[in-house]
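J.: For reference, the structure I am asking about is given below.
The values are calculated or read from the model by the stated rules, or taken from the named source; none is laboratory data. In this text, all values refer to a predicted model and were calculated from it rather than measured experimentally. Heads up, the Cβs are rebuilt from the backbone with ideal geometry, glycines too, and the neighbour counts pull from every protein chain shown.
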Amino acid sequence: MRVRAVWAIALFAAGQWACSGGSNAAVELARLELFPAEVMVLERGEFPLEVRAIDAAGQPYQKPLKLAWSTEDPTVAEVSDDGVVRGKAVGETKVIAQSGRVRAEARVRVGRAAATKMVIEGAPGVMKRGEVARLNVRISGRKSLPPETRPVWSVSDSAVLAIHEREVGVDVVAVGPGKAIVRAAIGTLGAEAEIRVVPMAGSMEVSPADSRVFVGQTVHLVAIIRDHDGNPVVAPAQWSHQPKDALVSLEPAGTPSADRRYTVLRPGRIEVRATFENLEAKATIDAETVGPFVSLENWRWGLCGLAESGSVDCFGDRPSGEPEVRELTPYRLETPEPLVSLSVGASHICGLTKEGRAYCMGGNERGALGTGDLSPRDAFSPVNTELRFREIHAGADYTCAISTEPEGDNAYCWGEGDAGKLGTGNEENQVVPTPILGHRFQTLAVSRSEGNGASATCGIDVEGKVLCWGSNATGQLGDGTLVASYIPVEVASEGPHVAVAVASQAWSLWDFESGRWGHACALTVSGEIRCWGNNLAGQVQPPGSMDPVTTPVTVAVEPFVSVLAFGHEYFGVSCGMESGGWVRCWGSPEHGGLFGEFVHAHGLPGTPAPSVPITPVGGGLRFRALDVWTERTCGVDLDGRAYCWGVLPDPSTGSGYRMHDEPVCLVGQEC
């Protein structure tokens, strides 16, 4: 208020006195004080004085109080009944407030309005948000104002500037960007200063500005804010995105933060916007789905498959020295050109282009990449050959392929030669494609079990006969013996055959002594499946038995269109796929969670393991591809979507894994 009413103070004091029951009735008024004791006003200017009444005990006077106001020289200044001094002429006088015999005085100087100017000192033209400036006033013709003479300060926009009074002057705080006028007034004398508040930050960007991710992945964006000098500013930004249903924030929505993590919900281009003060920055997320898949196979770091587009899409961790898979996160492997065929081994991957050029990547300790050396590759590298291939198979530290040569030997293998599984007549490792002499094949099958030092390889020749070579400790060569062979030998099965699958289980000394080495299955042209080899878990023919099956036995006569065999550690299973995509399997109930509930079914040394008879798997899904690994099973349904079940990585659990009895559609797809 411009006028401070003394009577309001007196009436308030009277009320306090009444409420106290008149307990201070005996205490009389001792003194009066006027504040400020010295004041300057201009001609025709006004200034309200404040009266403070004190009793004999030094406490605020409690009785009703009536004051008489006067000035020594009414020609210089006059005072109203409520203590407002008004300047009349240049000069000096006193203002007196009196109650009975008690009085107080204030010195009043009146200046000439036309000749007196007031300016605001200390006002910067520009302030940064959060800065503080100390302002004061100076009046022309005076070195300083009386200490009690306080200007009345105001600001035109409190959203831009805030004022905090001090003993001398005021502190002006820059609140937000914009322009505001600071005003100071003493009577009719006034001054103004315009201050522009600029953002604390001079620039802003969001990193990364462009992202390519898969649906289901998490994107971490950071707002990088700098001041006008280029120095980093740690400050929270407001975040938003379009389309709104494309992302979900992992932080509480609407909460400002210096960074933001989003989970991508659907494919398409997504724009993320970050704002701070008057600054804005944007980032673009291009989200896509993995697949649809043609094939999908497990390996040490998760699983990879060939998409219909020819890309190699994977789930898990990128190849490294650490085989632990923490989460089945989607990612894409770069290829020199689109692939038409892909095969995933235990620790390496190989693929073919439309022209039949072979590329491999991954582990290469024994030459499985065929690059002519033993150096691993973290990207697809060409196989060191002029040959063109129509089929390629990556196994456990070795690779085999069928060339496009129109005549003569057409099968080639390279990598680890242990137990003669390369079919080259010896156990030597090969770092480039080496032919299998004397045979021409229409298809091949390799052992993929991780950690297996000795395994077998099989193929179907152009006449439909099944040939196998390599380890034969459990009769997996199917020739009626237990004698290994470094060259192909014919399996004792009447053909013609159209497909073959081979698996190995040996990985430790205990397995070696117990004879868990491997088994194989073949598909006849009529759709019948015949199996042979290790039958400890009933993977050849349930129930399980200690004796190896050294020649093929008919297991299933349904009209199957493909045959599958898998093995690792103590386990082994076999499967057949029908024309409609239905899959039936038999063998170990513990392998890959294939049959649903994970069963501890090792059995005792020297005794058969529990087995499962021919049983539908996949929770009612129909598949175009299926692969069983140590503790999980994965497949591609007829629409090209990737599913897994069994023991799957899950970082949200204490163990890092979770058991799934039913197939789970993997992230990165529109399931």
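J.: Considering only residues that are under 18 Å from residue 494 (Cα atoms) and not in a strand (DSSP E or B), which ones fall in the range 542-564?
T.: If the condition is that a residue be under 18 Å from residue 494 (Cα atoms) and not in a strand (DSSP E or B), then 557, 558, 559 are the ones that fit.
J.: Still on this structure, I have one more. Of all residues in the range 221-234, which are surrounded by fewer than 19 Cβ atoms within 10 Å (Cβ to Cβ) and either small (Gly, Ala, Ser) or closer than 30 Å to residue 154 by Cα (or both)?
T.: Listed by number, the residues that qualify are 227, 228, 230.
J.: Can you tell me which residues in the range 384-412 are among the hydrophobic types (A, V, I, L, M, F, W, C) and under 11 Å from residue 356 (Cβ atoms)?
T.: Those that are among the hydrophobic types (A, V, I, L, M, F, W, C) and under 11 Å from residue 356 (Cβ atoms): 387, 389, 392, 401, 402.
J.: Considering only the range 414-436, I want to know if a residue exists there that is over 48 Å from the mean Cα position of the chain (by Cα), at pLDDT below 95 and under 24 Å from residue 390 (Cα atoms).
T.: no
J.: Right, another one. Within the range 400-454, which residues are buried (at least 22 other Cβ atoms within 10 Å of the Cβ) and either touching a helix residue (DSSP H, G or I) at 6+ places or on another chain (Cβ under 7 Å) or at positive phi (or both)?
T.: Within the range 400-454, 415, 419, 420, 423, 454 meet the criteria.
J.: Continuing with this model, one more query. Out of 327, 308, 277, 288, which single residue is under 24 Å from residue 624 (Cβ atoms) and modelled with pLDDT under 95?
T.: Result of the check over 327, 308, 277, 288: 288.
J.: Starting from the range 613-641, take each residue that is part of a strand (DSSP E or B) and list its partners that are of a type outside the set (S, T, N, Q) and surrounded by fewer than 18 Cβ atoms within 10 Å (Cβ to Cβ), counting only C-beta distances under 7 angstrom and pairs at least six apart or across chains.
T.: Short answer, once both residue conditions are applied: 616/582; 624/638; 637/622.
J.: Being under 18 Å from residue 479 (Cα atoms) and touching a Phe, Trp or Tyr at 6+ places or on another chain (Cβ under 6 Å) narrows it down to one of 549, 583, 573, so name that one.
T.: 549
J.: Would a scan of the range 272-288 turn up a residue that is in contact with a His (Cβ under 6 Å, 6 or more places away or on another chain) and over 22 Å from residue 383 (Cα atoms)?
T.: Yes, that holds for at least one residue.
J.: Test each condition in (1) free of Cβ contacts under 8 Å to residues at least 40 places away in the same chain; (2) touching a Gly at 6+ places or on another chain (Cβ under 8 Å); (3) under 23 Å from residue 666 (Cβ atoms) for residue 215 and report the one that comes out false.
T.: The single condition residue 215 does not satisfy is (1).
J.: When the range 153-167 is examined, which residues are found to be farther than 21 Å from residue 235 by Cβ and modelled with pLDDT of 85 or more? Lay out the reasoning, then the answer.
T.: To start, the set of residues in the range 153-167 that are farther than 21 Å from residue 235 by Cβ comprises 153-158, 163-167.
Answer for the range 153-167, where residues must be farther than 21 Å from residue 235 by Cβ and modelled with pLDDT of 85 or more: 153, 154, 155, 156, 157, 158, 163, 164, 165, 166.
J.: Then there is this: Would you be able to tell me the number of residues in the range 287-342 that are acidic (Asp, Glu), closer than 24 Å to residue 357 by Cβ and outside any loop (DSSP other than H, G, I, E, B)? Don't jump to the end; show me each part of the working.
T.: Let us first name the residues in the range 287-342 that are acidic (Asp, Glu), namely 288, 297, 308, 313, 317, 322, 324, 327, 334, 337.
If we keep only those that are closer than 24 Å to residue 357 by Cβ too, we end up with 297, 308, 313, 334, 337.
Now restrict to residues that are outside any loop (DSSP other than H, G, I, E, B): 297, 313.
Number of matching residues: 2.
J.: Just to be sure I understand, how many residues within the range 480-502 are within 15 Å of residue 442 (Cβ to Cβ) and either modelled with pLDDT under 95 or touching a helix residue (DSSP H, G or I) at 6+ places or on another chain (Cβ under 8 Å) (or both)?
T.: So the answer is 1.
J.: Do we have residue 356 as closer than 18 Å to residue 310 by Cβ and not in a strand (DSSP E or B) here? Break it down into steps so the answer makes sense when it comes.
T.: Values: closer than 18 Å to residue 310 by Cβ: yes; not in a strand (DSSP E or B): yes.
So residue 356 passes the test.
J.: Let me ask something else. Keeping to the range 50-91, report how many residues are touching a helix residue (DSSP H, G or I) at 6+ places or on another chain (Cβ under 9 Å), among the hydroxyl-bearing types (Ser, Thr, Tyr) and under 19 Å from residue 108 (Cα atoms).
T.: Total meeting the criteria: 0.
J.: What are the residues in the range 206-220 that are buried (at least 16 other Cβ atoms within 10 Å of the Cβ), part of a strand (DSSP E or B) and either over 13 Å from the mean Cα position of the chain (by Cα) or of a type in the set (S, T, N, Q) (or both), if any?
T.: Residues satisfying the conditions are 206, 211.
J.: Determine whether residue 388 is in the same structural domain as residue 307 (by TED's automatic domain parsing), under 20 Å from residue 307 (Cα atoms), more than 36 Å from the chain's Cα centre (by Cα) and at pLDDT 95 or above. Reasoning before the result, please.
T.: Values: in the same structural domain as residue 307 (by TED's automatic domain parsing): yes; under 20 Å from residue 307 (Cα atoms): no; more than 36 Å from the chain's Cα centre (by Cα): yes; at pLDDT 95 or above: yes.
No; evaluated as a whole, the condition is false for this residue.
J.: Could you grab me the full set of residues in the range 313-345 that are of a type in the set (Val, Ile, Thr) and either surrounded by fewer than 24 Cβ atoms within 10 Å (Cβ to Cβ) or without any contact (Cβ under 8 Å) to a residue 12 or more places away in the chain (or both)? If you could, list the steps in order and put the result at the bottom.
T.: Step one: of the range 313-345, the residues of a type in the set (Val, Ile, Thr) are 325, 329, 335, 340, 344.
Within the range 313-345, 325, 329, 335, 340 meet the criteria.
J.: If you check residue 296 against the conditions, is it out of contact with any His (no Cβ under 7 Å at 6 or more places or on another chain), under 30 Å from residue 204 (Cα atoms) and either crowded, with 17+ Cβ neighbours inside 10 Å or modelled with pLDDT of 95 or more (or both)?
T.: no
J.: From the list 245, 286, which one is surrounded by fewer than 16 Cβ atoms within 10 Å (Cβ to Cβ), charged (D, E, K, R) and in contact with a Leu (Cβ under 7 Å, 6 or more places away or on another chain)?
T.: Matching residue, one of 245, 286: 245.
J.: Is there a residue being within 45 Å of the chain's Cα centre (by Cα), among the aliphatic types (A, V, I, L, M) and crowded, with 23+ Cβ neighbours inside 10 Å anywhere in the range 551-561?
T.: No, the range 551-561 contains no residue that is within 45 Å of the chain's Cα centre (by Cα), among the aliphatic types (A, V, I, L, M) and crowded, with 23+ Cβ neighbours inside 10 Å.
J.: Looking only at the range 565-606, count every residue that is polar (S, T, N, Q) and either modelled with pLDDT of 95 or more or part of a strand (DSSP E or B) (or both) and tell me the total.
T.: Qualifying residue count, the range 565-606: 1.
J.: OK, next. May I ask you to list the residues in the range 34-62 that are within 18 Å of residue 81 (Cα to Cα) and without any contact (Cβ under 8 Å) to a residue 40 or more places away in the chain?
T.: 52
J.: Under 9 Å by Cβ, and 6 or more places apart or on different chains, what pairs join a residue from the range 159-173 that is over 10 Å from residue 134 (Cβ atoms) with one that is surrounded by 12 or more Cβ atoms within 10 Å (Cβ to Cβ) and hydroxyl-bearing (Ser, Thr, Tyr)?
T.: Hits for this filter: 163/154.
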